Amino acid sequence: MQAKKTNRTSSRLSFKEGLKSIAYANPIYNLTLKTRKFINLNYVPNDLWPGNADHGMAMINHQYHFAGQTIRSGIVPWAHDDVPDDWIKEIHGFEWLRNLKAVGGDIARRKARTMVEDWLRDYETWTSIVWAPEVISQRIWSWLSFYNFAFANGDEIFRDKFITSLGAQSKHLLRIFPAKMEGIERLKALRAVLGVHICLPLSSVSEDRIQYLIEQEASAQIWQDGLHISRNASTHLQALMILIDIRTLLQGAQVTPPNSLSKIIERMTATLKFMRHGDGKLCVFAGSKEEEEIFIEAVLSASTYKGKETRSLKQSGYSKVTMGRSNIFMDIGPEGPDIRDWTSSGAIEFSSGKQRIFVNCGTTSFNSPYTDLMKKTVASSTLTLDEDSTDFANYQGFDVEPRHFTMHENHESCLIELSHAGFYEEKGIIHHRRIFIGNNGDDIRGEDILEGPDGHSYSVRFHLHPSVKASLIQDGYELYLSPPKGNAFRFLGGGHPIRLEESIYFGDGETPRKTQQIVIEGQTIPKTTAIQWAIQKETGN
């Protein structure tokens, strides 16, 4: 039984893009992509990163899991009706070959070749989403970097069809690049384009041109402090992987990388170290997820950078205090126009050793019913007014500074202070957040100050990691926080009654986990409203 072919198209095509789609679907266009003779690969890169053998075995057993959804099917569900576009893009991107490689052996190789053979029957010519720039870029790189594992030992008929299709897809990518792609997708496309230039005898490009393309894109996407422009730690991890892939590709093919590439990789690696909690995984801000520690360690190792983590990210907008076993992160907001998208103003995360205590809700790595909600300020461990999100869309018109941050530290304590105007335009209120960390990280005291008029409802939220159990004590004015391992903590509401409410956590980027949130609520009073809170390690723990 043969899988159904997808004819799914994007509903957001412009008139010009629609005309291009008509042209690409024309059989004559597909003839222009054919190569005149069989081509051999000049060079074959190898994938550097660990896969998930459990996911690989599931695929061998006809269970296909992408974009948070599993389909069980005896035929490959390239075009299943009940899945979102993100699911279709993932299966057609072939990055899952990494999971089959983690399984290893002939059974995994046969599964890979069988799926490619199946794909070639229906998708060797242009199809809208399947040949979309971001999908074809990932597929080309996957086919190149897993060639030695899965495809080199195929029979001559298979390899002929495989290389012919790879050549046709590569020609199309070279014609459309950069195709209005932005951010991480543009970096992925650059990696694929460089792979085509180096591995396939389809085009010639000078080393100067290669160096220019890399330097231009890397400088456009990486802040000077080393973080990816998305401010998303997961996206930063992906970007670092891609640049390491590019450096390894060039070095393996004896092409000189640009001098700036290794320096950028070093800065990004120092920043990646900065973004880790004590459990070795990533903090969850701006749509990121925790990521697997084994994956992060592989990237750190491949970077070859042995230095320390960066001290601060004042430009891209994060602060971190490490004292004793405690790690405190604060989102202090980016410099410049990127502040327009800043909704997690003053949000914090807190961990003790390997145990996360305060978290942000995160979001899904794909579109879901939770996506819009998780972008709101209420999904972060910070203060909101009238349940509204902070708004910096017109920050250039503010008659106050949009945000201001300072840090004062010595060997015994640290004080971080953030002021932001995210509520100023609509409510005339400035939010100041001050956090003191002392006693070797066991004593954390916070104060949220609202400067402005009365009559507004405030909520100070602290979303708890799902593994932390919370119990109200002292008539509801304090909380006992009990992690499964490690130290217990006491949360004090500064004389304000504390509420425990339901919350949700997307630590892995796809599975919602029920949890709780600490909430302190009240009304603003004229001029200045102050809310104190503290979290302290329980004595005897």
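The values are calculated or read from the model by the stated rules, or taken from the named source; none is laboratory data. Only a predicted model underlies this, so the values are computations on that prediction, with no experimental measurement involved. Here the Cβ is made from the backbone with ideal geometry for all residues, glycine too, and neighbour counts use every protein chain on show.
Answer yes if at least one residue in segment 168-177 is assigned by TED's automatic domain parsing to the domain that holds LYS101 and in contact with a Lys or Arg (Cβ under 8 Å, 6 or more places away or on another chain), and no otherwise.
yes
Provide a single number: the residues in segment 494-517 that are over 25 Å from the mean Cα position of the chain (by Cα), within 20 Å of ASP388 (Cβ to Cβ) and of a type outside the set (Lys, Arg).
The total comes to 1.
Hey, among SER365, SER389, SER413, which residue is surrounded by fewer than 22 Cβ atoms within 10 Å (Cβ to Cβ) and more than 30 Å from ASP443 (Cα to Cα)?
Being surrounded by fewer than 22 Cβ atoms within 10 Å (Cβ to Cβ) and more than 30 Å from ASP443 (Cα to Cα) holds for just one of SER365, SER389, SER413, which is SER365.
Being surrounded by fewer than 19 Cβ atoms within 10 Å (Cβ to Cβ) and not small (Gly, Ala, Ser) is the filter; apply it to segment 243-260 and report the residue that is farthest from PHE285 (Cα to Cα).
Among those residues, the one meeting the criterion is GLN254.
Within segment 494-515, track down each residue that is under 20 Å from GLY68 (Cα atoms) and not in a strand (DSSP E or B).
Result: GLY507, ASP508, GLY509, GLU510, THR511, PRO512.
Given the residues LEU500, LEU464, which is the only one that is in contact (Cβ under 8 Å) with a residue 40 or more places away in the chain and assigned by TED's automatic domain parsing to the domain that holds GLU349?
LEU464
Select from segment 378-401 the residues that are assigned to a loop (DSSP other than H, G, I, E, B) and either within 20 Å of TYR458 (Cβ to Cβ) or aliphatic (A, V, I, L, M) (or both) and list them in ascending order.
SER380, SER381, THR382, ASP386, GLU387, SER389, THR390, ASP391, PHE392, ALA393, VAL400
Which pairs do you get when a residue that is closer than 20 Å to GLY56 by Cα, found in segment 76-91, comes within reach of a residue that is in a loop (DSSP other than H, G, I, E, B) and modelled with pLDDT of 90 or more, reach meaning Cβ atoms under 6 angstrom, with the pair 6+ apart or on two chains?
ASP86/ALA67; TRP87/ALA67; ILE88/ILE129; GLU90/ALA67
If I ask for residues that are under 30 Å from ARG325 (Cβ atoms), charged (D, E, K, R) and part of a loop (DSSP other than H, G, I, E, B), which ones from segment 354-377 would you list?
Correct list: LYS354 only.
Those residues that are under 25 Å from LYS263 (Cα atoms) and either at pLDDT below 95 or not in a strand (DSSP E or B) (or both), I need them from segment 306-330; list them, please.
Across segment 306-330, the qualifying residues are LYS306, GLY307, LYS308, GLU309, THR310, ARG311, SER312, LYS314, GLN315, SER316, GLY317.
For the subset of segment 299-331 comprising residues that are more than 21 Å from the chain's Cα centre (by Cα) and among the polar types (S, T, N, Q), which member is farthest from ASN46 (Cα to Cα)?
Out of the qualifying residues, it is SER326.
Is it the case that some residue within segment 198-213 is part of a helix (DSSP H, G or I), within 26 Å of ARG121 (Cα to Cα) and acidic (Asp, Glu)?
No; the residues of segment 198-213 include none that is part of a helix (DSSP H, G or I), within 26 Å of ARG121 (Cα to Cα) and acidic (Asp, Glu).
Given the residues SER170, SER145, SER165, which is the only one that is farther than 18 Å from ALA25 by Cα and buried (at least 19 other Cβ atoms within 10 Å of the Cβ)?
After ruling out the rest, the residue left standing is SER145.
Can you tell me which residues in segment 480-493 are of a type in the set (A, V, I, L, M) and part of a strand (DSSP E or B)?
LEU481, LEU492
Scan segment 115-133 and report the pairs whose first residue is in contact (Cβ under 8 Å) with a residue 12 or more places away in the chain and surrounded by fewer than 20 Cβ atoms within 10 Å (Cβ to Cβ) and whose second residue is among the basic types (Lys, Arg) and assigned to a helix (DSSP H, G or I), with Cβ atoms within less than 7 Å and a gap of 6+ or a chain change.
These pairs meet every condition: LEU120/LYS161; ILE129/LYS89.
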